[in-house]
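Readers should treat all values here as calculations from the given coordinates under stated rules, not as data from a laboratory. Since the structure is predicted, the reported quantities are computational estimates derived from the model, not experimental observations. A quick note on method: Cβ atoms are made from the backbone with ideal geometry, for glycine too, and the neighbour counts reach across all protein chains shown.
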Amino acid sequence: MDEVVRTIDLTRHFGKMVALDNVNITIRRNEIFGLLGPNGSGKSTLIKILSTLLLPTSGDAYVLGYNVKTDYMEIRKRINIVAGDDRPGYGSIKVKENLWFFSQLYGYGVREGWKVVNSLIEEFGMQDYADRKLNRVSSGMFQKYNFVRGILNNPKLLFLDEPTVGLDVEISREIRNYVKSWIKRDPERTILLTTHYMIEAQELCDRVAIIYKGKIVKVDTVENLLKLVSGEHIFEIKTNFILNDCLEDIKKIQGVKGLYSDSDVSTGIAKLRIVMEEEGPIADILSLLKERNIKVLALSKEEPNLEDVFLYLVGSKLR
Amino acid sequence: MIREIFKTAYARAYVRIKGVNSDVTHFIIDIGLPLIGLSAILLAYKSLNAPSQFLAIAAIGGAMMAFWYNVLWGMASQFYWERETGNLPLYISSGAPMPGVLLGMALGGAVNMTIRAVGVLLATVYLFGIKLYTSEIVPAFFLFLLTLFALYSLGMIFASSFLRFGRSVSKINELLGEPMLFFSGVYFPVKVFPFAIQLIVSLIPLALGIEGMRELMVFGNSPLQILWIYIVLLLLGIVFFYIATKMIKYMEERGKTTGTLTLKWE
Amino acid sequence: MGIRDSLTKLRVLVWLSYQIEANWTRLPSYLAYISIRPTFTLLLMIFIVIAARPNPQYGFFILVGQAFYNLVGSGVMGVAYTLWDDREHYRSLKYVYLTPNSLTFYLIGRGLYKFIEGLLPLSIAFFVGALLIHYPIFSLMPNWPMLIANYFVGMIWIIAFGLLIASFLIFTTDYGWAAVESIVSSLLLFGNVIFPTYLLPYPLDAIANFLPIKYWMDINRQALLGMSTMNMMPNFIPLLELSLIYFVVAFFLFKYCERVARSKGLIDITTAH
Ligand SMILES: Nc1ncnc2c1ncn2[C@@H]1O[C@H](COP(=O)(O)OP(=O)(O)OP(=O)(O)O)[C@@H](O)[C@H]1O
Ligand SMILES: [Mg+2]
């Protein structure tokens with residue numbers, strides 16, 4: 001089967017709040033599918049429904065051909081989750097004992113479980129701390145342990161919910177490499193990934209869905225998404241300060257498609273990133289800034305990234 | 001410094017009193033739960049055809065039990081939990097005097113528990129038709145205050161010294177819980193113990209307080225007859241309080257040098 | 001899932017419970033730890049007898065009641081508290097839930113450990129208590145088959161109570177403790193534990209008739225005294241019936257609550273601490 005996930009008008013309410021709004025996506029076999037969206041846009045909600053932790057309010061979702069509402073036991077045999085901000089496990093027993101315990105819940109035999117666990121420990125270079133109690137390992141070690149727990153049952157579909165959140169660059173890279181090699185090794189494997197980090201999405205994902213306020217805005221390959229803004233012109237302006245109504249005025253200028261600003265409190269420098277259809281309006285923007293007595297410290301033309309795609313599609317910033 | 005301590009204590013007590021009493025459900029649970037257990041004890045006495053004084057004896061002890069649990073779970077393990085939630089380093093780095101924090105926890109806990117203990121006692125008196133002497137109510141109240149002073153000073157000692165036990169504080173609390181209730185004779189008069197044990201027991205604030213109140217309210221004795229209880233309680237209180245202040249200092253210093261103030265998640 | 005498979009998994013769950021409960025210290029200290037509390041709780045009750053009426057026959061009722069009551073408390077906790085602890089403390093309920101096992105099965109497996117562990121404090125408390133009230137326990141000729149059968153039937157209804165509480169706990173993190181404790185101590189009051197239930201005021205005394213614990217306690221006493229199996233049937237039959245009813249109700253109620261919790265997204269809620 002080539003469709004690993006299919007959702008049909010999938011909707012989820014929490015009281016009046018609509019967390020997912022008629023979501024229709026398909027995820028194909030052996031791809032890394034990314035979900036990109038700001039806080040509260042519904043990423044985790046979608047993962048929870050697909051991983052059978054939460055029921056939809058309406059609509060349907062199929063994972064590996066099984067309905068999430070009714071065939072959840074079949075789904076659970078074939079999926080697993082790794083969430084970066086979770087620390088699942090029993091602190092008072094050893095790392096490897098935790099892994100073995102989960103292997104048993106997944107139906108391995110007693111010895112078979114140890115065999116699988118030991119070989120994974122070796123493969124992931126965890127020998128040094130496999131015998132430590134789980135509450136005595138660093139967060140990097142924990143994340144590795146958690147990743148191994150996530151692939152213990154050799155899932156067909158692996159959910160990665162911000163797997164590298166809060167980790168340093170080195171370990172994040174290591175985990176990204178595992179992810180890439182894990183999926184390559186078996187054409188039956190598929191990954192659904194959410195992340196806040198653009199590089200992560202750009203580096204890992206075959207296709208990305210942009211999600212905003214519970215709606216899927218666009219789904220495409222990273223390459224094609226970037227093409228959306230390849231015709232656009234992206235500028236970055238650094239100023240000594242910026243005011244909100246001034247931003248509103250800039251947005252109104254003809255040809256400006258999107259804009260966001262970031263202020264660095266410590267230096268007081270504000271950064272504007274502006275997506276435009278053509279280069280013309282930049283002159284208008286500069287004169288508007290001058291009019292308001294805002295000093296331009298630097299101006300540069302930028303390569304487009306996924307953040308700009310988001311800006312272009314939704315009009316506001318991703319984070 | 002003294003002013004600072006009381007200011008901190010007031011703030012901490014306020015949070016505690018407010019936090020627990022703003023929720024009616026908690027209040028009902030706090031009175032209802034002990035009442036269920038105590039009723040079972042009183043009915044057990046009835047099944048034994050025991051003289052009615054035993055009901056009064058158990059009712060007073062049963063109402064006072066709450067203080068011991070509060071000392072364990074609201075004082076002794078408190079710093080441990082505050083460390084788990086990350087509050088403890090904040091307290092310490094805020095420069096607020098730790099004795100004030102402890103005192104506040106004690107005051108808050110004592111006030112909360114008093115309301116509940118009175119509730120439990122009144123409910124049992126009403127439900128089981130228990131008769132108590134009320135002529136010596138003022139000395140009894142004074143005795144009660146002395147008991148709390150000694151008991152909560154002990155609690156402050158526990159709070160600072162338990163920090164080093166990590167998650168096992170709950171184990172230690174469990175181990176201290178029932179034995180202490182037993183040796184304090186919460187359900188029966190400690191006179192049933194052999195003399196040697198009675199001697200040891202007379203160093204336990206809870207046992208002394210319960211014993212004293214029974215003398216005054218169940219047997220109608222005068223405070224002069226149990227003057228020794230007042231004196232021992234006062235002495236215990238002073239000694240415990242002194243030790244507690246030393247322990248807090250020590251704990252703060254040790255925590256800063258070994259870093260155990262921030263280790264979490266066990 | 002085959003029977004062999006289930007048994008293997010139950011063993012693993014019991015193993016996990018044991019690891020979590022016991023491996024903070026060495027075995028002897030652990031065994032002492034689990035025995036101290038039940039023993040002192042029993043002493044509290046036994047001294048009521050000693051203080052009020054030092055008569056071994058009266059003492060026997062309370063002795064047996066309280067010793068076995070420990071098993072009730074820890075068994076109910078073993079099931080219900082696991083749900084709470086796994087979710088709140090270990091943050092692993094969600095991941096357990098995601099494995100292809102039923103949550104009910106998991107909780108029962110984790111709770112089973114308490115019934116094995118509980119035998120030690122039960123025996124210690126019983127012997128210490130008997131010694132203190134001078135009860136001639138060595139002249140007892142228990143009806144062992146019934147005592148053992150009763151132990152297993154006890155598992156059924158005690159686990160059922162654990163599931164009933166878990167059905168409530170799955171929705172809340174706030175009143176978890178109170179829920180567990182109020183049910184457990186109600187069983188002390190209504191359960192024929194330290195006084196015969198006819199002493200309860202009308203109409204509360206009727207409640208006891210609908211609780212398996214009432215019959216269970218009687219059978220424990222009768223079996224210890226060596227009553228014949230036939231003569232215990234008036235207690236054993238209602239016990240069996242009630243245990244099964246409670247279990248079936250608890251089982252389906254929990255299944256239902258689990259589904260509601262899934263639809264509300266409560267499987268992985270935690271209080272912020
Ligand atoms: N159990 C719940 N009860 C009520 N509201 C909820 C619940 N879970 C999620 N929500 C709401 O649903 C919306 C979507 O939340 P979700 O966690 O899916 O966002 P997200 O995209 O994962 O955000 P983040 O990037 O912060 O993780 C949010 O507004 C959130 O407050
Ligand atoms: Mg999320």
Quiz item: In µm²/s, what is D for the protein assembly as shown at 10 °C and 1.306 mPa s, where D = kT/(6 pi eta Rh) by Stokes-Einstein and Rh is the Kirkwood radius from Cα pairs?
Solution: 51
Quiz item: Rounded to whole Å and sorted largest first, what semi-axes of the equivalent ellipsoid does the C-alpha gyration tensor of region C:98-238 yield via the square root of 5 times each eigenvalue?
Solution: 29, 20, 16
Quiz item: Where the Cα atoms of region B:131-183 are projected onto their three principal axes, how long is each span, largest first, in whole Å?
Solution: 47, 21, 13
Quiz item: Between the helical axis of C:27-52 and the dominant principal axis of chain C, each derived from Cα atoms, what acute angle in degrees is found, rounded to the nearest 10?
Solution: 40
Quiz item: With each label point set 7 Å from Cα along the Cα-Cβ vector, what nm distance links C:TRP24 and C:ARG259?
Solution: 3.9
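Taking every pair of alpha-carbon atoms in chain A, give the share separated by more than 37 Å as a whole percent.
Values: 14072 of 50721 pairs.
Within chain A, distances greater than 37 Å cover 28 percent of Cα pairs.
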Quiz item: Under the Karplus relation 6.51 cos²θ - 1.76 cosθ + 1.60, θ = phi - 60°, what is the ordered set of whole-Hz ³J(HN,Hα) values for region A:104-115, x standing for Gly and Pro?
Solution: 5, 5, 8, x, 5, x, 4, 6, 4, x, 4, 4
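Please order C:SER29, A:SER44 by the number of other Cβ within 10 Å, starting at the fewest.
Working: C:SER29 12, A:SER44 21.
Placing the least packed residue first, the sequence is C:SER29, A:SER44.
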Exercise. Find the centroid of the Cα atoms in region B:1-49 and in region B:134-190, then give the distance between the two in whole Å.
Key: 14
Practice problem: Give the Rg (one decimal place) followed by the Dmax (whole number) of region A:231-303, computed from C-alpha coordinates and expressed in Å. | Solution: 11.3, 35
Self-check item: Proxy reagent accessibility, fewest Cβ within 10 Å first, across A:LYS301, A:LYS16, A:LYS215
Solution: A:LYS16, A:LYS301, A:LYS215
Quiz item: Taking each residue of C:38-49 in turn, how many C-beta atoms of other protein chains fall within 10 Å of its C-beta, and what is the average?
Solution: 6
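Which value, in debye to the nearest 20, describes the size of the charge dipole of region B:92-246 about its Cα centre when Lys and Arg Cβ atoms bear +1, Asp and Glu Cβ atoms bear -1, and nothing else is charged?
Details: 8 positive and 5 negative charges, 62 e Å.
The dipole magnitude comes to about 300 debye.
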Quiz item: In what sequence do C:VAL76, B:VAL125, C:VAL153, A:VAL23 fall when counting other Cβ within 10 Å, fewest first?
Solution: B:VAL125, C:VAL153, A:VAL23, C:VAL76
Quiz item: In Å, what is the Rg of the alpha-carbon atoms in chain B, and how long is Dmax?
Solution: 19.1, 60
Quiz item: Calculated FRET efficiency, B:GLU174 and A:SER58, Cβ-Cβ r, R0 51 Å, to nearest 0.05?
Solution: 0.55
Quiz prompt | Two-decimal Rg to Rh for chain C - Kirkwood Rh, Cα set | solution = 0.98
Quiz item: Lys/Arg Cβ at +1, Asp/Glu Cβ at -1, dipole of the protein assembly as shown taken about the Cα centre: which of B:VAL218, A:TRP100, A:VAL137 is farthest positive-ward?
Solution: B:VAL218
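Report, in debye and to the nearest 20, how large the dipole of chain B comes out about its Cα centre when Lys and Arg carry +1 and Asp and Glu carry -1 on their Cβ. Before the final figure, lay out each step's value.
Values: 19 positive and 13 negative charges, 76 e Å.
Here the size comes out at about 360 debye.
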Self-check item: Derived scalar couplings ³J(HN,Hα) [region C:174-189; Karplus, 6.51 cos²θ - 1.76 cosθ + 1.60; whole Hz; x for Gly, Pro]
Solution: 7, 9, x, 4, 4, 4, 4, 5, 5, 5, 5, 7, 5, 5, 5, 6
Quiz item: For chain B, modelled as a GNM with alpha-carbon contacts under 10 angstrom, which of B:SER94, B:SER52, B:SER161 fluctuates the most?
Solution: B:SER94
Quiz item: From the backbone phi of region A:125-141, what are the Karplus-calculated ³J(HN,Hα) couplings (6.51 cos²θ - 1.76 cosθ + 1.60, θ = phi - 60°) in whole Hz, Gly and Pro given as x?
Solution: x, 9, 4, 4, 10, 4, 9, 7, 5, 4, 7, 10, 10, 6, 5, x, 4
Practice problem: For A:MET126, enumerate residues with amide H under 5 Å from its amide H, sequence gap 5+ or separate chain, H modeled in the peptide plane. | Solution: none
Quiz item: About the Cα centre of the protein assembly as shown, what is the dipole size in debye to 20, counting +1 per Lys and Arg Cβ and -1 per Asp and Glu Cβ, all else neutral?
Solution: 1160
Quiz item: Using modelled backbone amide H atoms (1.01 Å from N, in-plane), which distant-in-sequence or interchain residues come within less than 5 Å of A:LEU259's amide H?
Solution: A:VAL275
Quiz item: FRET efficiency for C:MET230 and C:SER102, Cβ-Cβ distance as r, R0 = 35 Å, nearest 0.05?
Solution: 0.35
Quiz item: Farthest toward the dipole's positive end in region B:2-265, which of B:ALA66, B:LEU121, B:ALA159, given Cβ charges of +1 (Lys, Arg) and -1 (Asp, Glu) about the Cα centre?
Solution: B:ALA159
Quiz prompt | Reachable aspartates and glutamates from B:LYS7, criterion Cα separation under 17 angstrom, eight or more residues apart if same chain | solution = none
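Other chains' Cβ within 10 Å of B:179-192 residues: what's the mean?
Working: counts 7, 1, 4, 9, 2, 0, 3, 1, 6, 9, 3, 2, 1, 6.
Across the residues of B:179-192, the mean count of other-chain Cβ atoms within 10 Å is 4.
Residues of A:90-101, mean number of Cβ from any other protein chain within 10 Å of their own Cβ, rounded to a whole number?
Values: counts 9, 6, 9, 5, 2, 0, 0, 4, 4, 0, 3, 7.
Across A:90-101, the average partner-chain Cβ count within 10 Å equals 4.
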Self-check item: Selected from B:ALA244, B:ALA11, B:ALA44 as most flexible by GNM, with chain B as the system and alpha-carbon contacts under 10 Å
Solution: B:ALA44
Practice problem: Would you list, by chain and number, the lysines whose Cα falls below 18 Å from the Cα of A:LYS115, excluding same-chain residues fewer than 8 positions away? | Solution: A:LYS94, A:LYS96, C:LYS9
Practice problem: Could you tell me how many degrees, from 0 to 90 and to the nearest 10, lie between the Cα long axis of helix A:169-184 and the main elongation axis, the longest principal axis, of the Cα atoms of chain A? | Solution: 60
Quiz item: Taking Cα atoms, how many degrees apart are the long axis of helix C:119-132 and the longest axis of chain C, rounded to 10 and kept between 0 and 90?
Solution: 20
